[in-house]
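Report on the following structure.
The values are calculated or read from the model by the stated rules, or taken from the named source; none is laboratory data. Every value quoted in this text rests on a predicted model; they were computed, and no experiment measured them. Note: ideal-geometry Cβ built from the backbone for every residue, glycine included; neighbour counts use all protein chains shown.
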Amino acid sequence: MGNGSKFHLVTLGCPKNEVDSEKLAGSLLSDGMEATDDLTNADLIVVNTCAFVEEAREESIETILNIDELRNEESKIVVTGCLAERYGSELQDYLPEVDRVAGFGVPVSLNKKSNVPEFDLLNLPRPAASKPWSYLKVAEGCDRACGFCSIPSFRGPQRSRDMNSILEEVDSLQVKEVVLVAQDLAAYGRDQGVGEKSIIPLVEEITQRVDWVRLLYLYPSELNQQLIDVMCSLTVPYFDLSLQHVSPSLLRKMKRWGSGDRFRDLISEIRKNSPEAVFRSNFIVGYPGETEEDQDELIDFVKEMQLDWCGFFPFSDEEDTYASGLEGKVDRALVVERLKELSSLQDAITSSKRDVLIGERISVLVDSLGVGRTYREAPEIDGIVCVPESCEVGEFADLIVKGALGPDLEADLI
Ligand code: SF4
């Protein structure tokens, strides 16, 4: 397929997948294809899948089946992304509707002559962003071995991108905000022999090129004083700490670093540095062996630390992980109960933190007509700010907070 034929690209899963999709689109466009939003009009349909947990796998398969019902008979379906990487030929056997299964770095076009370099979507050029912000993936893979996680087994060890190629990409995106992502972001550069903390020079360079730099997925032990200083002074003071739990015994079973007390110290230290700092974290509920006491420890932590945003996820038993062989699986109904307890507690905390902002002056990046964000909200993850429609899309606006509803704010001209 080439000149004049049309492709339709569907992206599922996490921000990291969105970056891959933009690069896939870039390579198909450079092959002479045209993008179309109309599935029925496409010659090639690419589904970039997610396989992180059971629910994501089901969504990926359902999407492929729905597409098969809607597409025109001449079109071809190519499945790529995590599901393709993890299940490869098995997927092809299970879904005869699919014309090709392509793992990472394998060309998704059915044209065999495509020159996508093997295993390196990361360094492909990418079209300028259509929004005032963009994700930017700085490394692929992970060197850790968290008990619940299958990512290292199919994404492989960490491979960091060269800093110059990242900076070139920053320039080409032409955005006001760059959101840095990687499986283990603060470990960026460690595999290149360019120094333990090359995330710091990287952030310093990027902040010279864009207004806001946001860092997602920080493993807590990586956050040393130097990185905290840089984040508080140079970038938006937004700390996405990947904590997963606070009970030390459960964290050891997860093969992760830390404890509630260490996390308390870390958060307090950051707040001392920057009282304006905003925090997000994720926690897994129902990991094998989790007790009532563990849950109580987590509840106490959530109550005490008053983080701005928290996500709570049920443990998902993934094959080929350390956790799948552990005893003490927690009953589903109990997991649901614990999740509900934590979510309603956090919803109230988030709302009250938003209420406090009423009357404050804020600087908002306007993402689309009537919708923007301050540094406190990561795009597509946290709440939003409703802004007057007179605010220009793609620019910053100085506004005043007039109201709050759950996670969202309403702001007006000063
Ligand atoms: S840090 Fe842990 S949870 Fe995150 S990708 Fe690596 S192994 Fe998985």
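The residue pairs whose first member lies in segment 251-272 and is more than 20 Å from ASP184 (Cβ to Cβ), whose second member is surrounded by fewer than 19 Cβ atoms within 10 Å (Cβ to Cβ) and polar (S, T, N, Q), and whose beta carbons are closer than 8 Å, counting only pairs six or more residues apart or on different chains, are GLU269/GLN225. Candidates in segment 207-219 are the residues that are within 16 Å of the ligand (Cβ to nearest atom) and either outside the structural domain of GLU290 (by TED's automatic domain parsing) or outside any strand (DSSP E or B) (or both); of these, the one that is surrounded by the most Cβ atoms within 10 Å (Cβ to Cβ) is TYR219.
Would you please name the residue that is farthest from the ligand (Cβ to nearest atom), looking only at residues in segment 130-173 that are of a type in the set (Lys, Arg) and either touching a Phe, Trp or Tyr at 6+ places or on another chain (Cβ under 9 Å) or in a strand (DSSP E or B) (or both)? Applying the filter and picking the extreme gives ARG161. Pairs meeting the criteria (first residue in segment 229-248 and farther than 30 Å from SER316 by Cα, second residue assigned to a loop (DSSP other than H, G, I, E, B), beta carbons under 8 Å, at least 6 apart or on different chains) are MET231/PRO237; CYS232/SER274; CYS232/ALA277; VAL236/TYR375; PRO237/SER274; PRO237/GLU276; PRO237/ALA277; PRO237/TYR375. Against the test of being β-branched (Val, Ile, Thr), in contact with a strand residue (DSSP E or B) (Cβ under 9 Å, 6 or more places away or on another chain) and not in a strand (DSSP E or B), the options VAL401, VAL393, VAL364 yield a single qualifying residue, VAL393. What are the residues in segment 125-183 that are surrounded by fewer than 18 Cβ atoms within 10 Å (Cβ to Cβ) and among the polar types (S, T, N, Q), if any? Selection gives SER130, SER153, ASN164, SER165, SER172, GLN174. On the stretch given as segment 53-107, residues that are part of a loop (DSSP other than H, G, I, E, B) and in contact (Cβ under 8 Å) with a residue 12 or more places away in the chain total 15. Counting only residues that are farther than 20 Å from GLU177 by Cα, in contact with a strand residue (DSSP E or B) (Cβ under 9 Å, 6 or more places away or on another chain) and in a helix (DSSP H, G or I), segment 220-249 holds 1 of them.
When LYS197 is tested against the conditions (1) more than 20 Å from ALA378 (Cα to Cα); (2) modelled with pLDDT of 90 or more, the lone failure is (2).
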